[in-house]
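Student: There's a structure below that I have some questions on.
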Amino acid sequence: MQGNRPSRHTVIVVGAGFAGLAVGIQLKRRGIDSFLILDKGDDLGGTWRDNVYPGASCDIPSHLYSYSFAPYRDASVRYPAQPQILDYLRSCADRYGLRPHMRTGVEIESASYDDGTCTWSFSATDGTRFEADAAVFALGQLHLPNVPAIPGQDDFAGTSFHSAKWDPRVDLTGQRVAVIGNGSSAAQIVPGIVDEVAELHVFHRSAAYVMPKPSPEFRPSLRSALRVLPGLHQAYRSMLFWRSELVLFSALRRHRIAGVLAAATRKHLHDQVSDPILREKLTPDYPIGCKRLLLASDYYPALSKPHVDVVRDAITRITADGIHTADGRERRVDTIIYATGFRSTEFLASVEVTGADGVRLRDRWKQGAYAYLGMMVDGFPNMFLMYGPHTNLGHNSVVLALESQADYIAQSVVASRDQRAGAWDVRPERMAEWRRLVDSALDGMVWGDRCTSWFKDASGRVSTNWPYRTPRYQRMVRRRNPDDFRLRHARRTVEPAT
């Protein structure tokens, strides 16, 4: 970029995690080389770069939590830890030549569509500007930490931080520590720190369903088989996929298999927790699947240790040296860890996005976020979302959806490039049809039941999850349908992308 003149590209991709890298790979596969992948962090990786807390790992097997075109082939690892996932993403970036297209340390704060030129302009917090024919936001649903507002929390004299902002320099040895939250992060953090702290207070209002997690490594016999029988890797991946589709999805649709899974979680709880009082605190009071099901074999044993206190009472305030709860008790702590998840339903909240005719995306989504195929919003031409509304797979690996979306977006970019005279805008009637399709299926899913979860927005509406089986979504986005769009013509000329 010369002076303050923005650099010009065919595509700008915002975000360099699983989603953004997938887009870059598919663009290159379709002959699109004029693109940049921008990320606010100092490296690629997204959530797997940011979340470095003790025990950080994935509860989806590595063979399924990977791209189909770059299959995970480690014959020893069943469940990958954070460093292994980050290494995998780095290897994909190197293998597919994405490094020259990446700019890290660039935080985009606004993006706006120009009706005259049918192009997108981007502004970064450091003043850098970019222009592109197409905008792809690959920020995901799990990148904005959710820190609940609790009276007095700014008065706390000790150390406090969100799990996604973990500072490895913090030494918890011998400290009195509070963990607020009871989701996937807490279920990994608590076992990861329990043996080094003096006291551990775990605050949560609602118990989770927990299934036992198999060993993170394959047993020696299967490890040997995977090494000598290459086809076994794909067979294992296929088995994992269909097990999720046939068992987990059915449970989320309130099939009787849900009762079998609930019974398995109760057995796991009874097997690992002998104290009836603690067991009662850890027993969920809502249907299985309403919140995210956890996989952990070391969480219950950690909570059962004598220096660990599980607190179900509501937090009323935080003081300089402790946490007060509704039962009138104060627990003095040195460190507070917020394992409270992310603002998952606030899609693109960190970027001010303005579409055609000056319409702001946040205004458009005031009554709830929707996007056609989870990727496009009418009135925002040539703008695409990765991992957008209603595309999280509550029962399977989200990488499956991301890969399909990336290929669809690459198809769309090629179609727009070939047109050379404007931008494609999804038809409003297609948006309306999509909303009806999604809403009609959500009514039959357990997510809408009596629980609070990161699947729901402030109004209680589920805005994150795909309410059908994964193959249906893959079929819907396999081929771009030109009839879904109308063409917006440019009124002014613009320099071609370089």
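Student: Just to be sure before I move on: is ASP363 without any contact (Cβ under 8 Å) to a residue 24 or more places away in the chain, within 30 Å of LEU38 (Cβ to Cβ) and open to solvent by 20 Å² or more (accessible area, probe 1.4 Å) in the structure I sent?
Tutor: Criteria met by ASP363.
Student: Out of ASN396, ASN382, I need the residue that is in contact with an Asp or Glu (Cβ under 9 Å, 6 or more places away or on another chain) and on the phi > 0 side of the Ramachandran plot. Which one?
Tutor: ASN382
Student: Could you tell me which residue of region 246-266 is surrounded by the fewest Cβ atoms within 10 Å (Cβ to Cβ), considering only residues that are touching a residue at least 60 places away in the same chain (Cβ under 8 Å) and touching a helix residue (DSSP H, G or I) at 6+ places or on another chain (Cβ under 6 Å)?
Tutor: Only one residue tops the list, namely ARG254.
Student: Can you tell which of TRP466, TRP424, TRP447 is within 21 Å of PHE35 (Cα to Cα), surrounded by 15 or more Cβ atoms within 10 Å (Cβ to Cβ), touching a residue at least 60 places away in the same chain (Cβ under 8 Å) and not β-branched (Val, Ile, Thr)? Don't jump to the end; show me each part of the working.
Tutor: Values: TRP466 fails: within 21 Å of PHE35 (Cα to Cα); TRP447 fails: within 21 Å of PHE35 (Cα to Cα).
One residue alone meets the criteria, TRP424.
Student: Just one of (1) buried (at least 16 other Cβ atoms within 10 Å of the Cβ); (2) free of Cβ contacts under 8 Å to residues at least 60 places away in the same chain trips up SER453, so point out which.
Tutor: Result: SER453 passes all but (2).
Student: Identify, from the list ALA406, ALA441, ALA415, ALA410, the residue that is within 20 Å of SER459 (Cα to Cα) and part of a helix (DSSP H, G or I). Working first, answer last.
Tutor: Numbers: ALA406 fails: within 20 Å of SER459 (Cα to Cα); ALA415 fails: within 20 Å of SER459 (Cα to Cα); ALA410 fails: within 20 Å of SER459 (Cα to Cα).
Exactly one residue qualifies, and that residue is ALA441.
Student: What do you reckon, is ALA432 closer than 30 Å to TYR209 by Cβ and surrounded by fewer than 21 Cβ atoms within 10 Å (Cβ to Cβ)? Walk me through how you get there before you give the answer.
Tutor: Working: closer than 30 Å to TYR209 by Cβ: no; surrounded by fewer than 21 Cβ atoms within 10 Å (Cβ to Cβ): yes.
Judged against the criteria, ALA432 is not a match.
Student: Of the conditions (1) farther than 22 Å from PRO381 by Cα; (2) in a loop (DSSP other than H, G, I, E, B); (3) not hydrophobic (A, V, I, L, M, F, W, C), PRO471 clears all except one; give me its number.
Tutor: Going through the list (1) farther than 22 Å from PRO381 by Cα; (2) in a loop (DSSP other than H, G, I, E, B); (3) not hydrophobic (A, V, I, L, M, F, W, C), PRO471 breaks only (2).
Student: For residues in region 19-59 being among the hydrophobic types (A, V, I, L, M, F, W, C) and more than 21 Å from ASN382 (Cα to Cα), which is most open to solvent (accessible area, probe 1.4 Å)? Steps first, please.
Tutor: Let us first name the residues in region 19-59 that are among the hydrophobic types (A, V, I, L, M, F, W, C), namely 19, 21-23, 25, 27, 32, 35-38, 44, 48, 52, 56, 58.
Subset that is more than 21 Å from ASN382 (Cα to Cα): 44, 48, 52, 56, 58.
Numbers: LEU44: 0, TRP48: 31, VAL52: 60, ALA56: 10, CYS58: 7 Å².
It comes out as VAL52.
Student: Next question, about the same structure. Does any residue in region 145-160 that is of a type in the set (A, V, I, L, M, F, W, C) come within less than 7 Å, Cβ to Cβ, of a residue that is surrounded by 17 or more Cβ atoms within 10 Å (Cβ to Cβ) six or more places away or on a different chain, and which pairs are these?
Tutor: These pairs meet every condition: VAL147/HIS162; VAL147/TYR338; VAL147/THR340; ILE150/ILE315; ILE150/ILE318; PHE156/ILE318; PHE156/ILE336.
Student: Among SER463, SER459, SER440, which is the only one that is under 18 Å from the mean Cα position of the chain (by Cα), at negative phi and either of a type outside the set (D, E, K, R) or modelled with pLDDT of 95 or more (or both)?
Tutor: SER463
The values are calculated or read from the model by the stated rules, or taken from the named source; none is laboratory data. Everything quoted here is computed from the prediction, not taken from an experiment. When we count neighbours, we look across all protein chains shown, and the Cβ atoms used for this are built from the backbone with ideal geometry, even at glycine. SASA here: full protein model, heavy atoms, side chains in, ligands and nucleic acids out. Shrake-Rupley method; radii C 1.70, N 1.55, O 1.52, S 1.80 Å.
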